[in-house]
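> Quick one: this structure, given as structure tokens, is what I'll be asking you about.
The values are calculated or read from the model by the stated rules, or taken from the named source; none is laboratory data. If you're wondering where the values come from, they're calculated on a predicted model, not measured in any experiment. Here the Cβ positions follow ideal geometry from the backbone for every residue, glycine too, while neighbour counts run over all protein chains shown. Areas reflect the complete protein model, heavy atoms only, side chains present, ligands, DNA and RNA absent. Shrake-Rupley method; radii C 1.70, N 1.55, O 1.52, S 1.80 Å.
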Amino acid sequence: MTALSLIGLNLLVVGLVVLGLWLLSLRLKDVSFVDAFWPTGFGVVAWTTFLAVDVEHSRATLLLGFTSLWSLRLGIYLLSRWLSEPHEDKRYQAMRRNRPHFKWQSIHDDQRTLEAEDDIDALPFERRPGAAHRLIPFV
């Protein structure tokens, strides 16, 4: 499988999951639970990639295991936090009040915010080429 087809496959799988979550958020009139999918989405991508690529290496299995554990741990925590709240998160309530077409924008805006946070988190590594290899010696 080529890198481009693997990216396409992951985009399709994640896109279908996000579409399902968005439809559920319309029914619930609450988009807060989508926060729990952000880390879980990494697990979905890791498993999709692992199953699609024929790699029999212990590092790939180890990386899959670490990604799965992290995504489940944080996803379960965020989901339990959402379940304990009686109302939609205040950030999303404000967006819903201030944007007349929020239900159509919510699928895009929420993910755009998360992507911007990822870009900011990655800045220290981008300034120091090769830093990731020093942090993760088996890569």
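> For the stretch 30-59, what are the residues that are under 21 Å from Ile76 (Cα atoms), open to solvent by 40 Å² or more (accessible area, probe 1.4 Å) and at pLDDT below 90?
Scanning the stretch 30-59 gives a single hit, Trp38.
> Quick check, is Asp121 open to solvent by 60 Å² or more (accessible area, probe 1.4 Å) and either within 21 Å of Leu11 (Cβ to Cβ) or modelled with pLDDT under 55 (or both)? Don't jump to the end; show me each part of the working.
Numbers: open to solvent by 60 Å² or more (accessible area, probe 1.4 Å): yes; either within 21 Å of Leu11 (Cβ to Cβ) or modelled with pLDDT under 55 (or both): yes.
Considered against the rule, which asks whether it is open to solvent by 60 Å² or more (accessible area, probe 1.4 Å) and either within 21 Å of Leu11 (Cβ to Cβ) or modelled with pLDDT under 55 (or both), Asp121 comes out as yes.
> Filter the stretch 63-85 for residues that are more than 12 Å from Phe33 (Cα to Cα) and either touching a residue at least 60 places away in the same chain (Cβ under 8 Å) or open to solvent by 80 Å² or more (accessible area, probe 1.4 Å) (or both) and give the result.
Applying the first criterion (more than 12 Å from Phe33 (Cα to Cα)) to the stretch 63-85 yields 63-74.
Listed by number, the residues that qualify are Leu63, Phe66, Leu69, Trp70, Leu72, Arg73.
> Cβ-Cβ distance below 8 Å, separation of 6 or more or different chains: which pairs start in the stretch 10-21 with a residue that is more than 13 Å from Val45 (Cβ to Cβ) and end on one that is of a type outside the set (Asp, Glu) and in a helix (DSSP H, G or I)?
Cβ pairs passing all conditions: Leu19/Ile107; Leu21/Phe33; Leu21/Val34; Leu21/Phe37.
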